[in-house]
Structure formats: C-alpha cells, structure tokens
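> Quick one: the structure is below, and I'll ask about it shortly.
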C-alpha cells in the first residue's frame, strides 16, 4: 500500500475550506515510532521569545507591501525554496502583498500553527502532523514534495568504513560500533545529532531505534555529539564538515551548502521510493481557526498543488542540480 494518496491532495483544489474544521483526510500514514507527539513541548520554550516569532525574511525582499501569508519551515527555507515559491506566487497573483518565512523546525512549526503565528507549515514528520490534525489546530494535510535524507561523513577519515552499499541501518550500526571512546574523530567515529526534535533529529532517532539503540542515550556515549545553539541544517552540515563528524542531513541542505561540504562524502542517499526510510516527504498543513482557515493560505496551498506550483518546485536548483521532487509531476508518487 502506498504511504501517501496523492488523489486526496488533488481533491483539495476543488474544496472550499473556509469555516470548516478538520477538513481533509490525512494523506499520510502514521509512522511506527516510539516517539511521543508530546515532544512538541520543547517548542513551547523556543516560541516564548519575541525574536523566535519574528519572520526570518519577507518576500519579495525589500518590498513594503503588507504580509498576506506566513509560512513556517526550516531546511527548505534555508535552501531558498520558500523565497523561490513566494516570488513566483506574488508575481502570479499580480503583487500588492508579501509572504513571510518563519525559520522553524518541524516541532516549532507545528507550535506556530497551534498559536496561529503562521498560516502554513511545511513539515516533515507524519506522526506529529496527524496528531496536529487530530487535535484540530491544523488541517488540509497535503503532500507537496519529496526531499531525501543523506548519511554523510568524513572523506579522508572514514573510520566507520561506510560505502554506497550500506543501508541506513547498517551505516548507523557501523558508526556506533566504531564510536570514538574519546569523542575525537581521530580515535573513531563521531555522530553529530542536531538534538533539537527537528524532523531530521526524529528520523535519526527512528533509525537508531530500528537497530535497537535508543538515543539520546545515557549520556555516556562519547561518540554521540549533541549540538547546541544554532541547530538548523546549514549550521549542522558546516559543523560536521569542520569537525570530521558523521551526520544525517538532507539533499536540499547539501546542495545549498556545497562550500561547507568540502571534507564530507554522502555515503548513503535516500531515493524517491515511498518505502525508503531515508525519504524525507514534505507536507503542508494549514492553521485552523474558529472561523476556518485563511483564504489566502488556502489559495497558496492550491498554488503549491497546481501544475504551476509543482513545476516551480521542480525548477528550483542549486549548483545546477534539482533539490526537490514534486509529487504531482512524479509518476512514482
């Protein structure tokens, strides 16, 4: 059975969502996980400061037009996709407004939807998304595009002996088995965890759990490095590159930050297969309010699911390479 039913997403194009709650059937099947949706409590702390709820950017850059749509997202925003889509959408609609991007990982994006700080969340964890729909603060769950997780590590000090023939599970097992007893990559493998309950961090934990390891571990594993401070994808890939660590990243982050990957090799790369544990599907969710969803947000969702929006996603490139796979133009979806 396919993990996602694209026809359910397509049906949204013909729906009027204003004034309705829990309006669309979820397009995602829950993932088996030991993680609890209660992990969202972490984002309550993050969202308390005024700085945390200010837009990272407003597009088109330099415009003084009013903000009409507010989007929460992490990696795709850092890679430039949100700006690319926003500029095309504003141009398509004739201008007169702007689109704000709030830099937020999946758990924080869901909290922003709950608090109605953003109108749209582009998020990457099916279990947490479905919980948001069940709780009623988000709706119109729709599969938008595919990103892909990559397991990357040092090129010249591949102590775990990773190769392209590894699976995600075998790669993580090798890293654990060759873990540095000192925390230094000179003495063995070191895995960098973003440690922030982002979708990447949740995926990493699920892979470790699948080989009977249970991060964030007991605190004694010197080979398991937990990031602090700026834990967003661009900062994580730079730290892994500079320090000689293995880590889990995504294709979009890699291609958008090639200058910070000079010492790294992508050993295991996710595919477009829906059963691939390294597939990183991006879903859209709309904030649900007592009067329904924002008409502007619903129109932007229709745009994302339209041939124009999907073609815009397909045409977005960094370093002459396509970053994301649109779902409605992909026969394997």
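> Just need log10 I(q)/I(0) for region 256-312 at q = 0.31 Å⁻¹, Debye formula, equal scatterers on the alpha-carbon atoms, no solvent, rounded to two decimals.
-1.16
> Please give the contour-minus-distance gain from residue 258 to residue 165: 0.36 nm per residue of separation, less the Cα-Cα distance, rounded to one decimal in nm.
Working: separation 93, 0.36 × 93 = 33.48 nm, distance 2.34 nm.
Taking 0.36 nm per residue and subtracting the Cα distance, the gain is 31.1 nm.
> Taking N as the number of residues in region 57-205, what is its Cα Rg relative to 2.2 N^0.38 Å?
Numbers: Rg = 19.5 Å, N = 149, 2.2 N^0.38 = 14.7 Å.
In units of the globular-protein estimate, region 57-205 measures up at 1.32.
> Next up: Determine, for 105, 242, 187, the number of other Cβ atoms within 10 Å of each Cβ, and report the residues in order from fewest to most.
Working: 105 28, 242 12, 187 15.
Going from sparsest to densest Cβ surroundings: 242, 187, 105.
> Above 24 Å lies some portion of the pair distances; for region 176-333, what is it as a whole percent of all C-alpha pairs?
Values: 5719 of 12403 pairs.
Every Cα pair in region 176-333 considered, those over 24 Å come to 46 percent.
> From the Cα trace of region 68-145, what convex hull volume per residue do you get, rounded to a whole Å³?
Expressed per residue, the convex hull around the Cα atoms of region 68-145 is 89 Å³.
> Per the Debye formula with a single identical scatterer at each Cα and no solvent contribution, what log10 I(q)/I(0) holds for region 149-269 at q = 0.21 Å⁻¹?
At q = 0.21 Å⁻¹ the computed log10 ratios are -1.24.
Every read-out reported here was derived from the displayed coordinates using simple, explicitly stated rules and does not represent laboratory data. Not measured: the values here are computed from a predicted model. Reconstructed Cβ throughout: ideal geometry from the backbone, glycine too, with neighbour counts over all protein chains shown.
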